[in-house]
Amino acid sequence: MSGSVISRQGESFFGDTAIIDIEITPDDAIAGSKPENNWYLPAQGQGLPMAQNNEQIQSELIFSNIPELGKSFAVTYKITPLVKLPSQRTYLFLVFPPKAFKLLNVQFPQGGETYQSDTQLSWVGNIDTNQTMEITATFEVVNVGSGTVYGSLNSQSGKGGTTIADLIVDVKTSDLYVDKYGGKFTK
């Protein structure tokens, strides 16, 4: 929980913010307690790309159900470009926290090249205007924690002297939280 207070004295404003950790269990609430985040190593974070020139990209990040410890769920990153992309080699990514999930299954778009690591699923290929492509992964939640899952498209011409207009990046993110009692996600 976090709270903020802003007060006004004459023409001046004063404020402060405080955070109180409260762990909610089915039978109790424990003030000053915070569930462990086992999805990352200490001091490890996750960088997120920034969307750029993506006004003509329709996309969504779809969850089959709420993630829960020991249970499976599917995530789909689905995109449809409404314009010609600047590259014949467009990249699609589905990125997830490194110690959160066990990958059970993945479905990549037809054609192109595919790559898998312990934090990312990638596809590289050609996407035509108005063609819908998607990466779908089924995971089992193996650790309690919190983090971000995101889908991303990256297309740039690769020509020398490219301009910012030659780059299209789309990003859809969802923050996940799973403890031993349940889970949630926000888009």
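We did not get these values from a lab; they are worked out from the coordinates using the rules stated. As the structure is a computational prediction, the values presented were derived from the model and not from experiment. Cβ coordinates were reconstructed from backbone atoms using ideal geometry, including for glycine residues, and neighbour counts include every protein chain displayed.
Determine the gain in length on full extension of the stretch R89-T119; use 0.36 nm per residue of separation and subtract their C-alpha separation, reporting nm with one decimal. Walk me through the intermediate numbers first.
Working: separation 30, 0.36 × 30 = 10.80 nm, distance 2.15 nm.
Result for the pair: 8.6 nm of gain on full extension.
Pop out the ³J(HN,Hα) list for the range 101-107 in order, Karplus 6.51 cos²θ - 1.76 cosθ + 1.60 with θ = phi - 60°, rounded to Hz; leave Gly and Pro as x.
Working through the residues one at a time gives 10, 9, 6, 9, 6, 9, 10 Hz.
Sorting check: for 71-77, 60-66, which peptide has the highest mean count of neighbouring beta carbons within 10 Å, and how do the rest follow?
For the peptides 71-77, 60-66, the packing ranking is 71-77, 60-66.
If each residue of separation counts as 0.36 nm, what is the full-extension length gain between S64 and Q52 once their alpha-carbon separation is subtracted?
Numbers: separation 12, 0.36 × 12 = 4.32 nm, distance 2.76 nm.
Full-extension gain reported as 1.6 nm.
A 18 angstrom limit on the alpha carbon distance is what I want to check against. Which of K71/K99; K78/K187; K99/K172; K84/K172; K78/K172; K78/K99 exceed it?
Cα-Cα > 18 Å for K99/K172; K84/K172; K78/K99; rest within.
In nm, to one decimal, how far is the modelled label at N126 from the one at K99, with both set 7 Å along Cα→Cβ?
About 4.4 nm separates the two model spin labels.
Please compute the net charge surrounding A74, taking Lys and Arg as +1 and Asp and Glu as -1 over other residues with Cβ under 14 Å from its Cβ.
Value of the local net charge: -1.
Sorted by packing (mean other beta-carbon atoms within 10 Å per residue), highest first, where do 119-125, 102-108 land? Provide the component values of the computation, followed by the final result.
On the way: 119-125: 18.1, 102-108: 13.7.
By packing density, highest mean first, the sequence is 119-125, 102-108.
From Cα pairs below 8 angstrom and at least 6 apart in sequence, can you work out the relative contact order of the range 57-186, rounded to a whole percent?
33 percent
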